[in-house]
């Protein structure tokens, strides 16, 4: 969408298109700089529009724009979890991870800023947006496992693994994207089966899942 | 220290004692309420002193007091990791976890507020304090493992496990401290060996550790 910067005068955008264009410009700025280092002037410049126009769309200023961009990123992240309920479970998990890691790779520093909090525009509202994505990820996994009423041990295991994946993503970005993304993905899948197996030793519900679903990977 | 509230007039405290008393009062308030719900008046009342006195010690007001309380909590957390380099590794890990989980148990909502960020007084400085504790935890584990130069896979594994422990603590508080703390501790130790074993399949350094150190637990 950066082509828009050179052709702002040649196209009239609809309200929705303009809004999407501004969010897109904001997201790509947040992708490379922490939110507190991005000004509305930067967004206006990146989108090839005037500062007042940005304010017309986001009268709440930077905080509103940041939240809208975060919501749009969260939406994109949720799409990573859209995986048909077909075939063996672990390849499904691997495909979702591929999409998720591609998102991390693309958004880079913006992903870090998004998750790490501590930015000047961080509020409980933005935290809630990020937490919503985590919850959605957990629900997706449980639905793929075919579990309607997960017990506390299973729930905790899934949420711990999701947090560990998040931590791995941040460290991966920090370490110049090493190991290669395919290896990271396989490693994360292996960790999932390993922690599920540990919980299976303490929880009959998880034990049944490990038996039925996870062991079907070669079937 | 809540006894201090009823006897403020009867003791002259030294500067250091007074400071410690105020931090203690602040910490116990933050332990049960989010920082944004604690006022300097609350701290003054809990410590049995006047608001101006709180300001004399913390002229930066709530932000300064919050950071000082956070630093004091971080210091306390670091002490949890002080474990002699004697005996088999896994019991050492279990003992450090016992102390850490006792801290989580005691500080409760304050621990959640401390880690989750998103509070109105959250800044990159407070995030750095919490990150410092995480780094210290990772260094302790690597030193107990006897590793001077951890490769990226081993480092990532240890940091992921620490993040997963953090997530488990938050969920545990959220779920009325279920499962019982002893079970949670054993489960976390089992997860540590499980993820180390997974990484061992991909990383010779970790494989050697699993062979030498972790398998020595029955020796």
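With everything on Cα atoms, drop me the angle between helix B:62-80 and the longest principal axis of chain B, reported from 0 to 90° to the nearest 10.
On a 0 to 90 degree scale, this one is about 40.
Can you list, shortest first in nanometers, how far residue A:103 lies from the same residue in the other copies, with each label 7 Å from Cα toward Cβ?
With the label placed 7 Å along Cα→Cβ, residue A:103 yields 3.2 nm.
So what is the relative contact order of chain B, in percent, for Cα pairs below 8 Å that sit 6 or more residues apart? Please report the intermediate quantities before stating the final value.
Values: 199 pairs, mean separation 46.2, N = 219.
Taking the mean separation of contacting Cα pairs over the length of chain B, I get 21 percent.
For chain B, what is the calculated [θ] at 222 nm in deg cm²/dmol (nearest 500), taking -39500 (n - 2.57) for each run of four or more DSSP H residues and dividing by its residue count?
Helices in chain B give a 222 nm mean residue ellipticity of -22500 deg cm²/dmol.
How far apart are the residue B:20 label points across copies, placing each 7 Å from Cα toward Cβ, in nm, shortest first?
6.3
To two decimal places, what compactness ratio does region A:74-193 give when its Cα radius of gyration is scaled by 2.2 N^0.38 Å?
Normalised Cα radius of gyration, region A:74-193: 1.06.
Translational diffusion coefficient of chain A at 10 °C, 1.306 mPa s, Stokes-Einstein with Kirkwood Rh over Cα pairs, in µm²/s as a whole number.
Details: Rh = 19.1 Å.
Rounded, D is 83 µm²/s.
If the label for residue B:139 sits 7 angstrom from Cα along the Cα-to-Cβ line, what are its distances to the same label in every other copy, in nm to one decimal, shortest first?
4.2
Note the angle between two axes, namely the Cα long axis of helix A:124-144 and the longest principal axis of the Cα atoms of chain A, as a number of degrees from 0 to 90, rounded to the nearest 10.
40 degrees
When Cβ neighbours within 10 Å are restricted to other protein chains, what is their mean count per residue of peptide B:165-178? Write down the numbers at each step before the final one.
Details: counts 3, 3, 10, 5, 0, 2, 7, 2, 0, 2, 3, 1, 0, 3.
Partner-chain Cβ atoms within 10 Å, mean over residues of B:165-178: 3.
I need the per residue convex hull volume for the protein assembly as shown, using only the alpha carbons, in cubic angstrom as a whole number.
Working: hull volume 74.9 nm³, N = 438.
Spread over its residues, the Cα hull of the protein assembly as shown gives 171 Å³ apiece.
In degrees between 0 and 90, to the nearest 10, how far off the longest principal axis of chain A does helix A:152-174 point, with axes built from Cα atoms?
The answer is roughly 50 degrees.
Over the whole of A:196-203, what's the average partner chain Cβ count within 10 Å per residue? Rounded to a whole number, please.
Per-residue shielding by partner chains comes out at 3.
Just so you know, all these numbers are worked out from the coordinates, no wet-lab data involved. Here the structure is a predicted model, which means the values were calculated and not measured. As a convention, Cβ positions derive from the backbone with ideal geometry for all residues, glycine included, and neighbour counts pool all protein chains shown.
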